[in-house]
Amino acid sequence: EEYVAPEVILGRSYSSVVDWWSFGILLYKMLFGVTPFRGYDRNDTFGHILNGKLSFPNSANISADLKDLIKRLITLDPKKRLGAKHGASDIKAHPFFKSFKWPLILNQNPPIKPTMSNPFDTRNFPPSEDDDEGIKSVEELTESEINATAVFSQFTQIIRLPPNLVFPLKKEATNVKGIREPSS
C-alpha cells in the first residue's frame with residue numbers, strides 16, 4: 001500500500017502512469033531504506049500519500065538530478081508526473097540518466113552470475129540475523145493483545161514492526177473523506 005498512487009487511493013480512473021509513481025517510491029526506498037509516506041496503519045499511509053508532502057532526510061547526500069527525478073516521479077497530479085507524456089522515454093531523457101547508454105544495457109554481461117541448484121536455492125543470500133526479531137508466538141501474547149488481534153486468531157505469528165521502520169508522522173489534517181488525521 002505504500003507504493004499506491006493517489007489516483008488509485010481516490011478511486012479515480014488511472015493509467016500506466018501509476019507505475020511511474022511506484023518507481024519513484026522504489027527509488028526513494030532504495031536510497032533511504034523507508035518509503036516516503038509510511039504511516040502507522042493504512043489510513044495514515046494513505047493520508048500521507050494524499051497530502052503529498054515529500055521530504056528528504058537531512059542527511060540525504062544525493063545529487064540534485066536524482067532528487068529531481070524522484071520529485072517528478074512522486075508528483076500528485078498524474079498529468080504532471082514524469083512519464084505521463086511519453087512514458088519511459090520521458091524517464092530515460094531525464095538528466096539523471098544522461099550518462100546511461102540505454103541500447104548497451106541489454107547487451108552487458110552481469111558482473112556476477114550466481115549458481116543455483118534449483119529455483120528455490122537461497123545460498124547466494126546472506127542469512128538475516130533479525131529474521132525472527134519482533135515476532136511473538138500466539139502463546140507469548142498478553143490477554144489484551146489477544147483481544148486486540150482476535151481477528152487474526154487463525155494466524156500462528158504476529159509481526160511487530162520496529163519503531164525505526166515507521167516514518168515519523170506530522171500532525172496534519174486531510175480533506176479526504178475516510179482518511180483520519182495522523183496522531184502525533
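Brief remarks follow.
- Signed unit charges on C-beta, dipole axis of region 1-95, positive-most listed residue Ile49, Ile70, Thr35: Ile70
- Packing rank of 84-96, 114-126, where each peptide gets the mean count of other beta carbons within 10 Å, highest leading: 84-96, 114-126
- Estimated Rh, region 23-110: Kirkwood, alpha-carbon pairs, angstrom: 14.5 Å
Each value in this text was obtained by applying a stated rule to the coordinates, not by laboratory testing. Computed from a predicted structure; not experimentally measured. Cβ: placed from backbone, ideal geometry, glycine included. Neighbour counts: every protein chain shown.
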